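Worksheet: one structure, shown below.
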Amino acid sequence: MTSRRALISCLIATSLFISVLTPSTFAQRMIFDDWNAVQAVTPGEQIVITLKTDKEVKGKFLDAGAGEVSIERKGQRESILKNTIAQIHLVKGKAAKGKWAVIGAGVGAGVGAGIGQTQNHGGDDQGIYPIMGAFIGTGVGAATGYIFGISRRKRELIYQGR
């Protein structure tokens with residue numbers, strides 16, 4: 001009875017393990033080769049085009065014909081041929097600069113205070129090191145988080161070339 005229960009438990013654990021490791025095997029694959037999705041994008045929306053040469057081109061969508069897509073980039077109209085495009089992503093949402101700056105400030109303060117505490121060896125000025133470490137770390141962390149937050153936006157794949 002115990003060996004049968006152990007065998008069933010082992011089979012269940014193995015099947016769960018396999019299903020977690022290979023979710024794409026059991027899931028349906030999305031197909032993004034429909035050019036109509038590109039033509040349906042509203043003019044003025046931000047898109048990112050990845051070319052087959054792995055170069056990324058960012059700009060505002062203007063229009064899409066049967067064999068090309070036109071964007072506004074650096075104030076100029078630019079047309080890109082469909083057969084040179086690997087992927088097109090639609091940029092969604094705004095950059096959460098403030099959120100990432102606050103997260104960076106918190107991490108920076110903690111790291112700065114920790115580094116300051118390691119330099120705290122006693123003496124007359126023993127309490128200043130963690131305080132100054134936290135102060136400096138807060139500024140550095142906030143600036144780093146802000147810069148990181150500028151680049152973080154959601155991208156939705158709308159087209160993938162063949």
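Here, each number is a calculation from the coordinates, and none is a lab measurement. In this text, all values refer to a predicted model and were calculated from it rather than measured experimentally. Because the Cβ atoms are built from the backbone with ideal geometry, glycine has one as well, and the counts that use them run over all protein chains shown.
By how many nm would the segment from Lys99 to Lys52 lengthen if fully extended, with 0.36 nm per residue of separation less the alpha-carbon distance?
Going from the current span to full extension adds 13.5 nm.
In which sequence would Thr53, Thr144, Thr138 go, from the one with the fewest C-beta neighbours within 10 Å to the one with the most?
Fewest to most other Cβ atoms nearby, the residues stand as Thr53, Thr144, Thr138.
At a 10 Å Cβ-Cβ cut-off, how would you order Ser151, Ser79, fewest neighbours first?
So the ranking, lowest neighbour count to highest, is Ser151, Ser79.
According to a simple spin-label model (label point 7 Å from Cα along Cα-to-Cβ), what is the distance in nm between Lys60 and Ala37?
The modelled label-to-label distance comes out at 2.5 nm.
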